[in-house]
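Engineer: Okay, here's the structure, questions in a sec.
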Amino acid sequence: MRRIKIVVNGTAHDVEAEDRTLLSDLIRHDLRLTGTHVSCEQGVCGSCTILLDGRPVRSCLMLAVQAEGHEVETVESLSGGEATPESLTSLQRAMSDQHGLQCGFCTPGILMSVTAAQRDGLDAEETIAEVLGGHICRCTGYRGIRAAIRQVLP
Ligand code: FES
Ligand code: FES
């Protein structure tokens, strides 16, 4: 076991984890932030995407110990931990407006990747071309997701 110091959504944590613990498991099981979803566990689907020092990362491909000393943002950070219509970001509202989600399993990962693209100043078409391809959605056919991105990004 090792002690890991990590900042998640602005809160400093000092947690104990095994060397083999995945970052996704630390986030979900130890920190109880279950908004980050895990599906393929092979880096393919994108559902486990979080931001590590502001960059999108597949948390199922990282060991928790590799995140020592870094800052993590999960989907819970977007609305300040609240789940009210007023607390949603413009992107979250757009996903709702445009029916960009059904089961919602892919949604947290997409929200985090598109949020990073938004901060980087990518436009909608760049984001759709460069970011959306890294996320698998089995439900929507992507039409609503693309519409949500176009609603928010220039
Ligand atoms: S669960 Fe991590 S990429 Fe699919
Ligand atoms: S909304 Fe179900 S996988 Fe995307």
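Engineer: Rounded to the nearest percent, how much of the accessible area of the chain (1.4 Å probe, protein heavy atoms only) is carbon and sulfur?
Structural biologist: 47 percent
Engineer: How far is helix 143-152 tilted, in degrees, relative to the longest principal axis of the Cα atoms in the chain, given as a value from 0 to 90 rounded to the nearest 10?
Structural biologist: 90 degrees
Engineer: Taking the Cα-to-Cβ direction at Glu68 and at Cys139 and moving 7 Å from each Cα, how far apart do the two end points lie in nm?
Structural biologist: For Glu68 paired with Cys139, the spin-label model returns 3.9 nm.
Engineer: Name the residue farthest towards the positive end of the dipole of the range 85-152 from the options Ala124, His99, Ile110, assuming +1 on Cβ of Lys and Arg, -1 on Cβ of Asp and Glu, about the Cα centre.
Structural biologist: Farthest along the dipole direction, towards plus: His99.
Engineer: I would also like to ask the following. Using a Förster distance of 35 Å, how high is the FRET efficiency between Arg150 and Arg32, based on the Cβ-Cβ distance and rounded to 0.05?
Structural biologist: Result of the calculation: an efficiency of 0.55.
Engineer: Decide, for the range 17-74, between rounded, prolate and oblate: order the square roots of the alpha carbon gyration tensor eigenvalues as a ≥ b ≥ c, take rounded if a/c falls under 1.5, and otherwise choose prolate if a/b is larger than b/c, else oblate. If you can, show how the numbers build up before the last one.
Structural biologist: Details: a/c = 1.32, a/b = 1.13, b/c = 1.16.
Note, shape of the range 17-74 comes out rounded.
Engineer: Pull up all non-local amide H partners of His13: gap of 5 or more, or a different chain, and H-to-H distance under 5 Å with H placed in the peptide plane.
Structural biologist: Amide H neighbours of His13: Ile6, Val7, Val8.
Engineer: Moving to a separate point now. Measuring with a 1.4 Å probe in the full set of protein chains, what accessible area per residue, in whole Å², belongs to the chain?
Structural biologist: That works out to 51 Å² for each residue.
Engineer: Moving on. Tell me whether the chain comes out rounded, prolate or oblate; compute the Cα gyration tensor, take square roots of the eigenvalues as a ≥ b ≥ c, and use a/c under 1.5 as the rounded threshold.
Structural biologist: Prolate shape, in that a/c is at least 1.5 and a/b is the bigger ratio.
The values are calculated or read from the model by the stated rules, or taken from the named source; none is laboratory data. What you see is a predicted model, and the numbers here were worked out from it, not measured in a lab. Note that each Cβ is placed from the backbone with ideal geometry, even for glycine, and that neighbours are counted across all protein chains shown. All accessible areas refer to the heavy atoms of the entire protein, side chains included, with ligands and DNA or RNA removed. Shrake-Rupley method; radii C 1.70, N 1.55, O 1.52, S 1.80 Å.
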